[in-house]
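Notes follow the structure.
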Amino acid sequence: MQDAISICVIGSGYVGLVAAVCFAEIGHHVICVDNDEQKVAMLNKGEVPIFEDNLPELLKKHRGRNVHFTTELRAAVEQSAAIFIAVGTPQGDSGAADLSYVEAVVSEIARAISDYKVIVEKSTVPVYTNEWIRRILNRHGVQPGSFDVVSNPEFLREGSAVSDFLFPDRIVIGTSTGRAADLMRRIYAPLTDGAYYRQEDALKGPHNRSAAAKLLVTTAQSAEIIKHASNAFLALKISFINAVANLAESVNADVEDIAAGMGMDSRIGSKFLRAGVGYGGSCFPKDVAAFRWVAQQQGLDFGLLDEVQRINNAQRDVFFNKIRSALWTLRGKRIAVLGLAFKGNTDDIRESPALDILRRLLDAGACIAAYDPAAIEKAEALLPPSAQLRYVEDAYEAAQDADALLILTDWKEFATLDLARLNRALRYPIVIDGRNLYRPETMSSHGFNYISIGRQPVWNDGARPISQRPI
Ligand code: NAD
């Protein structure tokens, strides 16, 4: 392919690794750096440290050819025209993003710059980080003309990260210099001129999408805010529908019908209007908090974001109360848990609502059999198996002799269970669904007592939960 550019990606996590193999896929030469020696050794053996569709195939295609893995940051920077920083920016105590990983990387980059480089913020960072990176480089004696700093936020979603990267809704580039903008345009050209999509061996996109990707060039500050504002807005949509769900439930309405009706309005759209146990993951909780902090620093009251967080936290209480009102006491109860990851199609358990619910159940003395298609290994490291907690091989094993089954993650396979088999496995046919994966009528016809979010519960045995009984 035309115009191969030498790229260094620092960080080989969900964003860095995906970016590295995708840049290789569109024809660039990539070195991916991580200071986690074990991870780099795995990658060099062709092992994929995260669960992500299409990643193993692309890694196999490009490893040792267009993409290399190393712990040697200096050499990687020296050989590259563009350096993408994709390290973590976790939430600090004040709610602000902890930028210490970014600063550590920038200091190392400073020692390696000998000719013009474009340093790209790929990590999600608060506004003015671009400016701080520039200052740190200057403090380390790097000459102003020998680098530019660009903000290029990443919008991929775990679970469809490779496809999102190669078929983005938009690519945002925040810079005030033509030279840096030009390099960034060349890097993304195979996506923005559509050349990649015309390749025979290109990955198949969503609905075989072939239109060129849109590119938006803004100032660095605007680009930084686009990312925070986008995530905060998506989180807001989730909290909004969860608040509506609780109202729907108390007036005998159905939140799924309400969301469908709202989503048909093209001004609103149906995405992220899914009621459930609330959002989690490594992005929304910390990005909402960080954006709130950014506003506070400017003396602005963005209280709406507090409410988004409050509703999200309360939603876990709402769900836990459903368990209690269905089962009464929890000590010694056997509960099947389906789902540990923060959402379906990923092994990521960071800030997972499922783990929060699981911890509460353990604290209440319940005995858990938990299953997740990809996240068990990560969950085990955090919550080791014990007399109270078993990890099992499939949904039916989890359900065996359980007093109730909980659905906590929206994995596709949890939406297509063999309901007759599930019913036979359970001691009591009680399903409490935190993701609304089933229609109440379907569950009713299979003989379940079925409790979900924002919809009327189905009680086949006539025993409605105490809290729902008219007084
Ligand atoms: P991650 O924790 O999966 O990966 C970060 C990687 O950086 C790790 O492999 C770590 O070892 C490495 N690292 C840390 N310090 C380093 C150093 N000094 N030198 C080299 N490597 C170093 O994180 P992630 O989920 O990929 O997120 C990275 C950034 O991208 C965050 O700012 C996040 O908010 C943002 N983001 C994440 C997603 C997502 O879905 N995960 C989506 C968009 C944006």
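For segment 348-364, give me each residue that is open to solvent by less than 10 Å² (accessible area, probe 1.4 Å) and either assigned to a loop (DSSP other than H, G, I, E, B) or over 24 Å from ARG157 (Cβ atoms) (or both). Walk me through how you get there before you give the answer.
In the first step, residues of segment 348-364 are kept if they are open to solvent by less than 10 Å² (accessible area, probe 1.4 Å); the result is 348, 352-355, 357-358, 361.
Matches in segment 348-364: ASP348, SER352, LEU361.
Annotation: of all residues in segment 110-120 being open to solvent by less than 20 Å² (accessible area, probe 1.4 Å) and either within 11 Å of the ligand (Cβ to nearest atom) or in a helix (DSSP H, G or I) (or both), the one that is farthest from GLU78 (Cα to Cα) is ALA110.
Checking the condition within 18 Å of ILE225 (Cα to Cα), within 14 Å of the ligand (Cβ to nearest atom) and open to solvent by less than 50 Å² (accessible area, probe 1.4 Å), which residue from SER123, SER107 passes? Lay out the reasoning, then the answer.
Numbers: SER107 fails: within 18 Å of ILE225 (Cα to Cα).
When all the criteria are applied, what remains is SER123.
Contact map, segment 349-375: first residue closer than 16 Å to LEU327 by Cα, second residue within 16 Å of the ligand (Cβ to nearest atom) and in a loop (DSSP other than H, G, I, E, B), Cβ cut-off under 9 Å, separation 6 or more or different chains; pairs are LEU358/SER352. Summed over segment 1-19, the residues that are buried (at least 24 other Cβ atoms within 10 Å of the Cβ) and more than 11 Å from the ligand (Cβ to nearest atom) give a count of 1. Checking PHE69, PHE84, PHE51 one by one, the residue that is open to solvent by 10 Å² or more (accessible area, probe 1.4 Å), among the aromatic types (Phe, Trp, Tyr), within 16 Å of the ligand (Cβ to nearest atom) and in contact (Cβ under 8 Å) with a residue 60 or more places away in the chain is PHE51 and no other. From GLY281, GLY332, GLY299, which residue is assigned to a loop (DSSP other than H, G, I, E, B) and within 16 Å of the ligand (Cβ to nearest atom)? Just a single option satisfies the conditions, and that option is GLY281. For VAL142, the stated conditions hold: it is more than 11 Å from the ligand (Cβ to nearest atom) and either surrounded by 15 or more Cβ atoms within 10 Å (Cβ to Cβ) or assigned to a strand (DSSP E or B) (or both).
Residue count for segment 34-48 under the criterion of being open to solvent by 70 Å² or more (accessible area, probe 1.4 Å) and small (Gly, Ala, Ser): the result is 0. Checking each residue in segment 23-47 for being within 13 Å of the ligand (Cβ to nearest atom) and not charged (D, E, K, R) picks out ILE31, CYS32, VAL33, ASN35, GLN38, VAL40, ALA41, MET42, LEU43.
So which pairs qualify, if the first residue must be in segment 324-340 and in contact (Cβ under 8 Å) with a residue 12 or more places away in the chain, the second must be part of a helix (DSSP H, G or I) and open to solvent by 50 Å² or more (accessible area, probe 1.4 Å), the Cβ gap must be under 8 Å, and the two must be at least 6 apart or on different chains? Pairs found: SER325/ILE466; SER325/SER467; SER325/GLN468; TRP328/ILE466; LEU330/ARG324; LEU340/LYS378.
ARG421 passes every criterion in (1) open to solvent by 50 Å² or more (accessible area, probe 1.4 Å); (2) part of a loop (DSSP other than H, G, I, E, B) apart from (2). For the residues LYS286, LYS333, LYS271, LYS343, the requirement of being charged (D, E, K, R) and buried (at least 23 other Cβ atoms within 10 Å of the Cβ) singles out LYS286.
Do we have LEU382 as open to solvent by 10 Å² or more (accessible area, probe 1.4 Å), over 25 Å from ASN313 (Cβ atoms) and at pLDDT 95 or above here? When the stated conditions are applied, LEU382 does not pass them.
Residue count for segment 424-458, restricted to those that are closer than 23 Å to ALA260 by Cα and part of a helix (DSSP H, G or I): 5. Among the conditions (1) more than 16 Å from the ligand (Cβ to nearest atom); (2) out of contact with any Phe, Trp or Tyr (no Cβ under 6 Å at 6 or more places or on another chain); (3) not hydrophobic (A, V, I, L, M, F, W, C), the only one that SER230 does not satisfy is (1). Tell me, which residue of segment 126-139 that is over 26 Å from the mean Cα position of the chain (by Cα) and away from the ligand (no atom under 14 Å from the Cβ) is farthest from ARG179 (Cα to Cα)? Within segment 126-139, the match that is farthest from ARG179 (Cα to Cα) is ARG139. If we keep just the residues of segment 424-441 that are free of Cβ contacts under 8 Å to residues at least 24 places away in the same chain and more than 26 Å from ARG316 (Cβ to Cβ), which is most open to solvent (accessible area, probe 1.4 Å)? By that ranking, first place goes to ARG424.
Checking each residue in segment 87-104 for being under 24 Å from VAL217 (Cβ atoms) and near the ligand (Cβ under 7 Å from one of its atoms) picks out only THR89. Residues that are touching a strand residue (DSSP E or B) at 6+ places or on another chain (Cβ under 7 Å) and over 20 Å from PHE448 (Cα atoms) within segment 333-349 comprise just one, LEU340. Tell me yes or no: at least one residue of segment 84-101 is farther than 29 Å from ALA341 by Cα and within 26 Å of the chain's Cα centre (by Cα). No, because not a single residue in segment 84-101 is farther than 29 Å from ALA341 by Cα and within 26 Å of the chain's Cα centre (by Cα). A single entry from ALA189, ALA245, ALA212 fulfils the requirement of being outside the structural domain of ASP287 (by TED's automatic domain parsing), in a helix (DSSP H, G or I) and out of contact with any strand residue (DSSP E or B) (no Cβ under 7 Å at 6 or more places or on another chain): ALA189.
The values are calculated or read from the model by the stated rules, or taken from the named source; none is laboratory data. Keep in mind the model is a prediction, meaning the values are calculated, not measured. All Cβ positions, glycine included, derive from the backbone under ideal geometry; neighbour counts span all protein chains shown. Protein only, heavy atoms only, side chains kept; ligands, DNA and RNA dropped before computing areas. Shrake-Rupley method; radii C 1.70, N 1.55, O 1.52, S 1.80 Å.
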